[in-house]
Protein chains: 2
Amino acid sequence: MSKTFLKALKGEPQTTPPIWLMRQAGRYLPEYLKVRATSKNFLHFCYSPGLAVEATLQPLRRYDFDAAILFSDILVVPDALGQKVEFVSGKGPQLEPIKNMAELESTLSTENFMSHLDPVFQTVNRLSSEIPDSTALIGFSGAPWTVATYMVEGKGSKTYEEIRSIAYQDPEFFQTLIDMLVDNTSKYLIEQVNRGAEALQVFDSWAGVLSENQFIKWAIEPMAKIVENVKSVHPDTPIIGFPRGAGQLYERYVKETGIDAVGLDHTVPLEWARDHLQQHVCVQGNLDNLLVVAGGEALDQEARRIIDILGEGPFVFNMGHGIVPQTPPEHVARLVDVVRGKA
Amino acid sequence: MSKTFLKALKGEPQTTPPIWLMRQAGRYLPEYLKVRATSKNFLHFCYSPGLAVEATLQPLRRYDFDAAILFSDILVVPDALGQKVEFVSGKGPQLEPIKNMAELESTLSTENFMSHLDPVFQTVNRLSSEIPDSTALIGFSGAPWTVATYMVEGKGSKTYEEIRSIAYQDPEFFQTLIDMLVDNTSKYLIEQVNRGAEALQVFDSWAGVLSENQFIKWAIEPMAKIVENVKSVHPDTPIIGFPRGAGQLYERYVKETGIDAVGLDHTVPLEWARDHLQQHVCVQGNLDNLLVVAGGEALDQEARRIIDILGEGPFVFNMGHGIVPQTPPEHVARLVDVVRGKA
């Protein structure tokens, strides 16, 4: 195994940290906007292996990244379970919400789950032969809690009050939903590895809104089960957990889920991450994505500060959140040079 | 000083923790909705001492709270500085945004700041004689960062990308804005104490979106200056800081701002707060506000767990965020009984 990204996840010694960036394929790249415009429907785009492979490869032609992540969306999972999912331009995802057991039972079915996702597996398969030899291929999914926020609220939420209340007031329904997501997400991830993914990342983007008890129940426990399920089939495939905004609960998440690496959002203090997390797992992060928009000396300085503190490893350079559309592509190039010690 | 709330803030020994709840006056109370309906405009309501006094006192007639917080809004400060602020039903606050130095200079003025806020000071004055003898009166303001998010983005934000980017890209403008807020917020708080407020709380509701460096610069440093300014005039008035969502940065905030007490949001693990914060300051919090909506055994259990872990003090029982409108008033009554050991 000579890919530096995989070595870092395994905790092997490193000199220069590997780098990739969340949403490195996407709307900040003019070539992405061009290929994206060929498909009216975003989910259709994700289910078109030719387009998804092209989107995944585009940033690798510009930048010397150590890893590429499958181009897809976390909401293919509810879509494959039979929930109606639409991406409405300017409004984000819109789902027909599921708020109780009756709606769950009448809407969701696991029957066609894997066959519905076959185009995604084809994409993974093609990517595994088409990406450069030194680049690792990352598969991914959303974490059950985060996927459930969209499934229950029907769209991106601001306060998460509705889903958090339902989790308190109808725990039987909510546990059933989470269990269903744990099982199917596990299958989805295992098949991605079968088809060529070399590492997996599970995005719990909205974990940060949970109270301590809810975080244990809806973020840590489901993730621990997913890790156990995947590792029972693929014990050597490293898994990155990203409980964005977990704050004081990062440490417990790291210790209790069995992950190999943890993604840090931009609020996590570096010295604390070094002293409390990096001794247990590889850490990945956590440059503020808006510094890559700003560019200039502030970007260089912060990238170097991160490497100074975490660079001895195990460490993967990334941001604390995805690249935003207004990011100038040349700032990404500059960042890669700084991380590689070429600037 | 025999008010148990003030004793807790000063770190004196306690048996039963004092309790008040953020937004204890507000839309969950039918009597509030009734008096609110007499005024079309929310800011006008805040500037009407008769109405604001009545709203502040309403929950005290129902519940045996140890403190009452002035009924007002954090956006009276930009309003008093000359920015146009409107509350639009169903849309929240709408401001004419200020995005650069030219807009700041042409819009904001400190000239009428204190006279504009005189109705608020009258409210404080009346409250200080009208609230029960055992109840403490809390004055408050928004923290500069949180107030600035509304001033710059023009409304409640979901991502805070615009203001965070401006803080990186135009630091001179942003520092000027924050400094102006530090100065005027300090004056505003000092005058509240002059008129009878016995403690102060500063709400930094959106501190949790800041990166480590931005948190130090825009949350900790401004708060440290406000505390210094207020204490130079009123050294014995306790100040509660509430950097909601500060995660790993709570500890630094507590140690570097000079506050007497810290408000904890519902994500903060209790044992951690006891071991790392309570030795330095009084802690206040942190029941999940949605558990008060849910009620029942889960509410009782979590309230008792909080008291078990933090109740030796110094501690003030509160929630991790404000009461939401869908809260049944009888659940609040039950909670007070549980905290008082009467249930």
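Just so you know, all these numbers are worked out from the coordinates, no wet-lab data involved. Nothing here was measured: the structure is a model prediction, and the numbers come from that model. Here the Cβ positions follow ideal geometry from the backbone for every residue, glycine too, while neighbour counts run over all protein chains shown.
Calculate one ³J(HN,Hα) per residue across the stretch A:291-299 by plugging θ = phi - 60° into the Karplus curve 6.51 cos²θ - 1.76 cosθ + 1.60, and present them in order as whole Hz with x for glycine and proline.
6, 6, 5, 5, x, x, 4, 4, 5
Looking only at chain B, where both bridge partners belong to it, what percent of the DSSP beta bridges are antiparallel (to the nearest 5)?
Details: 5 of 28 bridges.
Among the beta bridges of chain B, antiparallel pairing accounts for roughly 20 percent.
Scan around A:Phe203 for amide H atoms under 5 Å from its own, H built in the peptide plane at 1.01 Å from N, and keep only partners 5 or more places away or cross-chain.
Hits under the 5 Å cutoff: A:Ser141, A:Gly142, A:Ala143.
Using 0.36 nm per residue of separation minus the Cα-Cα distance, give me the extension gain between B:Met101 and B:Asp337 in nm, one decimal.
79.8 nm
Using modelled backbone amide H atoms (1.01 Å from N, in-plane), which distant-in-sequence or interchain residues come within less than 5 Å of B:Asn286's amide H?
B:Asn318
Since chains A and B are linked by a rotation, which residue in A has the beta carbon closest to its axis, and how far is it in Å?
A:Gly247, 1
Copy-to-copy spacing for B:Ser109, label 7 Å out on the Cα-to-C-beta vector, in nm, shortest first?
Inter-copy label distances (nm, one decimal, shortest first): 6.9.
Taking amide H positions as placed in the peptide plane 1.01 Å from N, state which residues far from B:Phe315 in sequence (5 or more) or on other chains have amide H under 5 Å from it.
B:Val283
Under a cut-off of 19 Å between alpha-carbon atoms, report the aspartates and glutamates in cross-link reach of B:Lys84, not counting same-chain residues fewer than 8 places apart.
Partners found: B:Asp73, B:Glu96, B:Glu103, B:Glu105, B:Glu111, B:Asp118, B:Glu153.
Once both axes come from the Cα atoms, what is the angle between helix B:118-130 and the longest principal axis of chain B, in degrees from 0 to 90, rounded to 10?
Computed tilt is about 10 degrees.
Among all the aspartates and glutamates, which ones have a C-alpha under 15 Å from B:Lys10's C-alpha, if same-chain residues fewer than 8 places away are not counted?
Hits, sequence-local ones excluded: B:Asp66, B:Glu198, B:Asp236, B:Asp260, B:Glu312.
So what is the relative contact order for the stretch A:4-339, in percent, with contacts set as C-alpha pairs under 8 Å and at least six apart? Please report the intermediate quantities before stating the final value.
Working: 617 pairs, mean separation 74.6, N = 336.
With pairs under 8 Å counted, the relative contact order is 22 percent.
Go through the stretch B:275-340 and name the trypsin sites (Lys or Arg not before Pro) that are in a DSSP coil and have 15 or fewer other Cβ atoms within 10 Å of their Cβ.
B:Arg340
Loop-only check: which trypsin sites (Lys or Arg not before Pro) in the stretch A:99-170 are DSSP coil with at most 15 other Cβ within 10 angstrom?
For trypsin sites (Lys or Arg not before Pro) across the stretch A:99-170 that sit outside H, G, I, E and B with at most 15 neighbouring Cβ atoms in 10 Å, the list reads A:Lys158.
Compute the distance in nm between two label points, each set 7 Å from the Cα along the Cα-to-Cβ direction, one at A:Glu31 and one at B:His280.
According to this spin-label approximation, the distance is 4.9 nm.
Please report, for A:Lys158, the nm distances (one decimal) from its label point, 7 Å out from Cα along the beta-carbon direction, to the equivalent points in the remaining copies, shortest first.
Label-point separations across copies, in nm and ascending: 0.9.
Evaluate the distance, in nm, between pseudo-label points positioned 7 Å from the Cα of B:Glu228 and of A:Lys40 along their respective Cα→Cβ axes.
Output for this residue pair reads 6.2 nm.
List the GluC sites (Glu not before Pro) within the stretch A:106-177 that DSSP assigns to loop and that have no more than 12 neighbouring Cβ atoms inside 10 Å.
A:Glu111
What does the C-alpha gyration tensor say about the overall shape of the protein assembly as shown? Classify as rounded when a/c is under 1.5, otherwise prolate if a/b is larger than b/c, or oblate.
Working: a/c = 1.85, a/b = 1.58, b/c = 1.17.
Note, shape of the protein assembly as shown comes out prolate.
How far is A:Gln279 from the same spot in each other copy, in nm, shortest first, if each label point sits 7 Å from Cα toward Cβ?
A:Gln279 label point versus its equivalents elsewhere: 1.7 nm.
Determine ³J(HN,Hα), in whole Hz, for all residues of the stretch A:135-144 in sequence, where each value follows from phi through the Karplus function 6.51 cos²θ - 1.76 cosθ + 1.60 and θ = phi - 60°; x replaces Gly and Pro.
Those phi angles translate into 9, 8, 9, 9, x, 7, 8, x, 7, x Hz.
Karplus couplings for the stretch A:324-337 from phi (6.51 cos²θ - 1.76 cosθ + 1.60, θ = phi - 60°), rounded to Hz, Gly and Pro as x?
Each residue's phi maps through the Karplus curve to give 8, x, 7, 6, x, x, 5, 5, 5, 4, 4, 4, 4, 4 Hz.
Where both partners of a DSSP beta bridge lie in the protein assembly as shown, what percent of those bridges are antiparallel, to the nearest 5?
20
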